[in-house]
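Written out below as structure tokens is the structure these notes cover.
Read the figures in this text as sums done on the coordinates, not as results from a lab. Quick caveat, the model's predicted, so the values are computed rather than measured. Positions of Cβ are generated from backbone atoms using ideal geometry, with glycine treated the same way; all protein chains shown enter the neighbour counts.
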Amino acid sequence: MTASSSAASRDHAAPPDHAASPDHAAPHRFDLIGRADLETPSSRKWSLFPGTVGAWVAEMDFGTAPEITAALHDAVDRGHLGYLSPATSMTMAEACSRWQLSQYGWRVPAANIHAVSDVMAAFEVAVTKFSPAGSGVIIPTPAYMPFLSFTPTLGREVIEVPGVTEASPGSDASTAAAGHWRHDLAGIDEAFRRGARTLVLCNPQNPTGTALSRDELLAIAAIVDRHNGRVFADEIHAPLRYNGVPHIPYASLSTVTARHTITATSASKAWNLPGLKAAQLITSNDADEELYQLFGFAVLHGASTPGVIASAVAYDEGAEWLADVVDYLEGSRLALASLLDVHLPGVRYRVPEATYIAWLDCAGLDLPLRPGESLADFFREEAGVTLTDGRLCGHGYEQYVRLIFATPGPILEQAVRQMGEAVRRRRASGTAAAPTPKGSLR
């Protein structure tokens, strides 16, 4: 995919219109979802900052597949709400195994796929059980926020290795394009040399939306092997890819990568199930599997029976629904580029190859902020749009925000429009203005 700026994505064709197809068909069903449907007390994304557009939590506003809904109703009707059974766990493992093979060509035995509550539970296992006590953890940045905040609680040092792009944090927004993000291989090599033993490899990458190529994965593998390191491969966003971009499971590359990798994945992102607390930890060699068997029950105990049931149905029966969602998100990621061009032309945005996450470089806005005010504070208080503060994704990203575009098209349009209006008001005043009433689209 060609690198683009938000002066974004001018090399792309005009985005599809969510509201109507070329033959003027009815609006997509997702467009009919309004904020009144989303602003419920049970939604953290929409209730924690009332009155704002929730664009900060990485989940979708589209519900889930009807096959999953039916399976959950059936589970409740039958009273399948107890502790997770081995049979239910194996059904999920077999479904995940079939998905890995059919989608990515990775032949992984179901016996090596284990239910856990979420990716962070798998991460804790990978760090505390499969790397030397006290050894550092390499986290390429920008990163999924909990990797940075949770690692120190495990007694491990975080070693941030900023990725390399054509537009690094702090560069001149007027001249640099939002380029392709890639790992700093020399930086990773140096971090291992200094004593780190685990690399967090998020692929597709959150928050940049980059899908790693085989060549980059092989280069990373050579570094890890040279230092006798370990890899925690977070592949939760793998089903959410665009334009036929491939996903290559890191552990599937070779016997070398299989030997040093713990993989985590889940149906929670692609089928919108994060509250059901079910993910999969995958071992890819006999030694790791034998070690996992010594303590795995305690980890498995955190996975919920309804979540594991839903995961199995997602992998076996959810492909059609997922394809429709990805098609909708394809329109959204391109529509976002056009919206930014119109309302926030100073923002740099590289259209993601995967995920429903937009990583926005706002340095070009040249926005006057109050002392102590972050960009995320500004957009929440002045525009009524809640985003993730780039500073939470690593050092040096204070000019960035993370936006989740897995929301109905009209709401996405409203959010970007309000952001642009807030920027223009602040620029016009030249000083920090009092918060303005937050817009509403219901």
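General observations
- Nearby aspartates and glutamates by direct alpha-carbon distance to Lys129 (threshold 17 angstrom, same-chain neighbours under 8 apart not counted): Asp118, Glu157, Asp234, Asp286, Asp288, Glu289, Glu290
- Extension gain, Arg425 to Lys129, is 101.3 nm, computed as 0.36 nm per intervening residue step minus the present C-alpha separation.
- Fully extending the segment from Val326 to Leu101, taken as 0.36 nm per residue of separation minus the present Cα-Cα distance, adds 79.0 nm.
- In terms of other Cβ atoms within 10 Å, His28, His183 run from fewest to most in the order His28, His183.
- Farthest towards the positive end of the charge dipole of the range 16-142, among the residues Pro142, Thr40, Val108, is the Cα of Val108, using unit charges on the Cβ of Lys, Arg, Asp and Glu.
- Glu157/Tyr83 FRET efficiency (R0 30 Å; Cβ-Cβ; nearest 0.05): 0.25
- Farthest toward the positive end of the dipole of the range 310-372, out of Leu365, Tyr349, Tyr328, is the Cα of Leu365, where the dipole comes from beta carbon charges about the Cα centre.
- Rough spin-label spacing in nm, given labels placed 7 Å along Cα→Cβ, for Asp316 and Asp366: 6.0
- Ellipticity estimate at 222 nm from DSSP helix runs (n ≥ 4, -39,500 (n - 2.57)) divided over the chain, nearest 500: -11500 deg cm²/dmol
- Taking other C-beta atoms within 10 angstrom as a stand-in for reagent exposure, Ser252, Ser85 fall in the order Ser85, Ser252, fewest first.
- The chain: antiparallel DSSP beta bridges as a percent of all, rounded to 5: 50
- Separation of alpha-carbon centers, the range 341-376 and the range 64-134, rounded to whole Å: 36
- For His180, distant residues with modelled amide H under 5 Å away: Glu166
- Inter-centroid distance (Cα atoms) of the range 260-339 relative to the range 401-424, Å: 28
- Per-residue Cβ neighbour counts within 10 Å put Phe147, Phe49 in the sequence Phe49, Phe147, beginning with the fewest.
- In this Cβ point-charge picture (+1 for Lys and Arg, -1 for Asp and Glu), the chain has a dipole of about 800 debye about its Cα centre.
- Cβ-placed point charges (K, R +1; D, E -1), dipole of the range 195-239 about Cα centre in debye, nearest 20: 180
- Cα gyration tensor category, rounded, prolate or oblate, for the range 315-442 with a/c compared to 1.5: prolate
- From the coordinates shown, Kirkwood radius over Cα pairs in Å corresponds to which of (i) 21.6; (ii) 23.4; (iii) 22.5: (iii)
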